[in-house]
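First comes the structure, then the notes that go with it.
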Amino acid sequence: MSIFKTKPIASLIAETEGKQGLKKALGATDLTLLGIGAVIGTGIFVLTGVAAANYSGPALIISFILSGLACFFAALCYAEFASTVPVAGSAYTYSYAALGEIWAWIIGWDLILEYAVAISAVAIGWSGYAVTLLNSVGINLPKAITAAPLDGGVVNLPAMIIIALICWLLISGIRQTSNLNGVIVAIKLVVIALFIVLAVWHVKPANWHPFMPFGFNGVVSGAAVIFFAYIGFDAVSTAAEETKNPQKNLPKGILYSLLICTALYIVVSGILTGVVKYSAFAHTAAPVAFALQQIGINWGSALVSIGAICGITSVLLVITYGQTRVFFAMARDGLIPKALGKVSEKHQTPITSTLLVAVVTIITAGFLPIGIVAELANIGTLFAFVIVAIGIIVLRVRRPDLKRGFRTPFVPVVPILAVLSCGYLIIHLQTATLWRFVIWFAIGMVVYFAYGRRHSALYRSTSDSAEHAS
C-alpha cells in the first residue's frame, strides 16, 4: 500500500457513528468559549512581559498582530477542513483525508509533541501562580514540592495535581467540561476588562519610546516567542466530532475566538508597555499584576492573580482535551495501539487516551523545568498550520466536488500566505529548538515504519480487499 494513500472522507465520517463515536453536545458559543479558553491565559498573563523586555519592546503590539495574522490565515484553512471533515483529530485527520497516511502520521506525531509539551509548560506556569497566591495569604509551601529537580526542588506537586484533576474532569463528560470552561472564561474576561479600565488612565506615551528598541528582527522574534499565546485555537477543531451542526458551528467557533483573542492581546499589550517601561518586565513572570502594582493598585493586582490562575486553568483544560482527541483519532485508525482509542460507555469520552495523557504529562510537569521544552510547542503548532494550509490547496484540486460548509476565501492565496507567514516565524525560533524537532521527527519515522504502517486500519482494509480480489 502506498504511504500516500488517503482515507476516504465518507469513511472518516462513518467512524464517528456507533460505539466508537463521541457524544455531540457543543454549539457555536461553546466552541468560541473553548477557543478563548485555550488562547487567553499564559500568553496574556506571562509571555507579554518576557516578549516586551527581551524582543519587541513597545512594538509588542506589532508582534501580536504578526502572530495573529499568521494564525488568521491558518484559521481560514482550518475552518474549511473542520466543516468538510467534522471528525476528531484536527490537522491529523485533515492530512489523512487530503495528503495521505504518511503526512497524517507526521502531523499526528507532531501534535503529540505540541500538546504534551504545552500541557506540561502550562501546568508548571499554573503551579507558579498558585504558589505565589498561597504565599500572599500566608501559606508557604516548601520548594521541595513546588519545583523540579533542575530548579532546586524535588517534584512540582501542584503541577501534577492540576493535570490529574483536569483529566478526571475530561473523562467525566464533554458537557461538564464545556460548562466549567464557560465559567472560567467569564471570570478571566472580567479580570482582563478590569485591568484595562484601571490601567488605561495611567498610560504615559513616553514609555512607548523607543518603539522598536531591538529593531524589526526583534519584533519578528517576539512574534515567534509569543506564538505560544495562540496555541490552542486549533484545539477547537479537535471538538469537531462532538459538535452539533459542525458545518456551520465549527468555522464560527474557530474564527470568532481568534478575532476576540487577538483584539484583547493588542489592547492589553499596548496598555502594559504604556503604563510601565518595557525593560521593567525583565524580572517578572506576572506582568499584568506587576503593572498594577507599579501604579499602586495592589487590590487589582491580587484580583489579576486570581484571574491568571483561572485563565491558565482553562488553557490547560482545552489543550489537554485536544491532546486526548488526537490520540483517540490515531488509535481508531490503528496507527498507535487501538486500545488507546477505547471510549467510555457511560460518558462517551476517550478514557484510555485521557489516562495516557495524564500519566505522561504529570511526570513531565513534575520533574522537568519549563525552559527545556516550551519552544517545542511553538514549532509543533506552526508546522501543523503549514501542513493544513497545503492540504486545502491539494483537496481543492483533488476533490472540487466535496460539500464544504465553509470555503477558505482566495485559494490558493490565503493558504500560501499561511505557509509563508508560519514558515517565517519558524526560522526565527532558536536553532536548538529546530534540532530537537528534527530528532522528534526522526523518532516518529522509526515508529511509523516499525509499527504504524503495518497496523493501520487503512492498510489492513486494503490488504483484505487485495486478498479477496486474488
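The values are calculated or read from the model by the stated rules, or taken from the named source; none is laboratory data. Given the structure is predicted, the values throughout are model-derived calculations rather than measurements. For neighbour counting, all protein chains shown are included, and Cβ atoms are generated from backbone atoms with ideal geometry for every residue, glycine included. With ligands, DNA and RNA removed, areas are computed over all heavy atoms of the protein, side chains included. Shrake-Rupley method; radii C 1.70, N 1.55, O 1.52, S 1.80 Å.
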Original post:
Could we say that W126 is without any contact (Cβ under 8 Å) to a residue 40 or more places away in the chain, of a type in the set (F, W, Y), part of a helix (DSSP H, G or I) and open to solvent by 10 Å² or more (accessible area, probe 1.4 Å) here?
Top reply: no
Original post:
So which pairs qualify, if the first residue must be in the stretch 275-294 and in contact (Cβ under 8 Å) with a residue 40 or more places away in the chain, the second must be surrounded by 24 or more Cβ atoms within 10 Å (Cβ to Cβ) and among the small types (G, A, S), the Cβ gap must be under 6 Å, and the two must be at least 6 apart or on different chains?
Top reply: V275/A291; V276/A291; Y278/A52; Y278/G57; F281/G49; F281/A52; T284/G49; P287/G49
**OP:** Please verify whether the stretch 148-160 includes one or more residues that are crowded, with 17+ Cβ neighbours inside 10 Å and without any contact (Cβ under 8 Å) to a residue 60 or more places away in the chain.
**Re:** yes
**OP:** Given the conditions (1) within 24 Å of the chain's Cα centre (by Cα); (2) open to solvent by 10 Å² or more (accessible area, probe 1.4 Å); (3) modelled with pLDDT under 80, report the number of the one that T462 does not fulfil.
**Re:** (1)
Original post:
If you take the residues of the stretch 4-28 that are in contact (Cβ under 8 Å) with a residue 60 or more places away in the chain, open to solvent by 20 Å² or more (accessible area, probe 1.4 Å) and part of a helix (DSSP H, G or I), which of them is farthest from P350 (Cα to Cα)?
Top reply: A28
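Among the candidates A70, A52, A75, A82, which residue alone is among the aliphatic types (A, V, I, L, M), over 27 Å from G405 (Cβ atoms) and in contact with a Leu (Cβ under 7 Å, 6 or more places away or on another chain)?
Values: A70 fails: over 27 Å from G405 (Cβ atoms); A75 fails: over 27 Å from G405 (Cβ atoms); A82 fails: over 27 Å from G405 (Cβ atoms).
The conditions single out A52.
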**OP:** Give the residue that is modelled with the highest pLDDT, with candidates limited to residues of the stretch 216-236 that are open to solvent by less than 10 Å² (accessible area, probe 1.4 Å) and within 12 Å of A38 (Cα to Cα).
**Re:** V236
Original post:
Looking at (1) surrounded by 21 or more Cβ atoms within 10 Å (Cβ to Cβ); (2) more than 30 Å from Y424 (Cβ to Cβ), which is the one condition that is false for V183?
Top reply: (1)
Original post:
If you check every pair at least six apart or on different chains, which have Cβ atoms under 7 Å apart with a residue in the stretch 324-337 that is closer than 15 Å to D110 by Cα and assigned to a loop (DSSP other than H, G, I, E, B) first and a residue that is hydroxyl-bearing (S, T, Y) and open to solvent by less than 10 Å² (accessible area, probe 1.4 Å) second?
Top reply: L335/S456
**OP:** Return yes or no: is I416 assigned to a helix (DSSP H, G or I), under 14 Å from Y78 (Cβ atoms) and open to solvent by 50 Å² or more (accessible area, probe 1.4 Å)?
**Re:** no
Original post:
If L429 satisfies every condition in (1) open to solvent by less than 30 Å² (accessible area, probe 1.4 Å); (2) part of a helix (DSSP H, G or I); (3) at pLDDT below 90 but one, which is the exception?
Top reply: (2)
Original post:
What residue, of L355, L395, is in a helix (DSSP H, G or I), modelled with pLDDT of 90 or more and within 17 Å of I163 (Cα to Cα)?
Top reply: L355
**OP:** Quick one: which residue in A59, A70, A75 is farther than 30 Å from A130 by Cβ and in contact with a Cys (Cβ under 6 Å, 6 or more places away or on another chain)?
**Re:** A70
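Given the structure, is I427 out of contact with any helix residue (DSSP H, G or I) (no Cβ under 7 Å at 6 or more places or on another chain), within 30 Å of F64 (Cα to Cα) and touching a residue at least 12 places away in the same chain (Cβ under 8 Å)? Don't jump to the end; show me each part of the working.
Details: out of contact with any helix residue (DSSP H, G or I) (no Cβ under 7 Å at 6 or more places or on another chain): yes; within 30 Å of F64 (Cα to Cα): yes; touching a residue at least 12 places away in the same chain (Cβ under 8 Å): no.
Considered against the rule, which asks whether it is out of contact with any helix residue (DSSP H, G or I) (no Cβ under 7 Å at 6 or more places or on another chain), within 30 Å of F64 (Cα to Cα) and touching a residue at least 12 places away in the same chain (Cβ under 8 Å), I427 comes out as no.
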Original post:
Which one of these is crowded, with 17+ Cβ neighbours inside 10 Å and within 19 Å of L250 (Cα to Cα): L34, L47?
Top reply: L34
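Quick one: count up the residues across the stretch 247-277 that are open to solvent by less than 30 Å² (accessible area, probe 1.4 Å) and either aromatic (F, W, Y) or assigned to a helix (DSSP H, G or I) (or both).
First pass over the stretch 247-277, keeping only residues open to solvent by less than 30 Å² (accessible area, probe 1.4 Å): 249-251, 253-255, 257-258, 261-262, 265, 268-276.
Keeping just the survivors that are either aromatic (F, W, Y) or assigned to a helix (DSSP H, G or I) (or both) gives 249-251, 253-255, 257-258, 261-262, 265, 268-275.
Number of matching residues: 19.
Report whether or not R407 is assigned to a helix (DSSP H, G or I) and basic (K, R). Talk me through it step by step, then tell me what you get.
Details: assigned to a helix (DSSP H, G or I): no; basic (K, R): yes.
Considered against the rule, which asks whether it is assigned to a helix (DSSP H, G or I) and basic (K, R), R407 comes out as no.
Would you be able to tell me the number of residues in the stretch 282-314 that are open to solvent by less than 10 Å² (accessible area, probe 1.4 Å) and of a type outside the set (S, T, Y)?
Here is the first cut: in the stretch 282-314, the ones open to solvent by less than 10 Å² (accessible area, probe 1.4 Å) are 287-289, 291-292, 300-301, 304, 307-308, 311-312, 314.
From the residues that got through so far, the ones that are of a type outside the set (S, T, Y) too are 287-289, 291-292, 300, 304, 307-308, 311-312.
Result for the stretch 282-314: 11.
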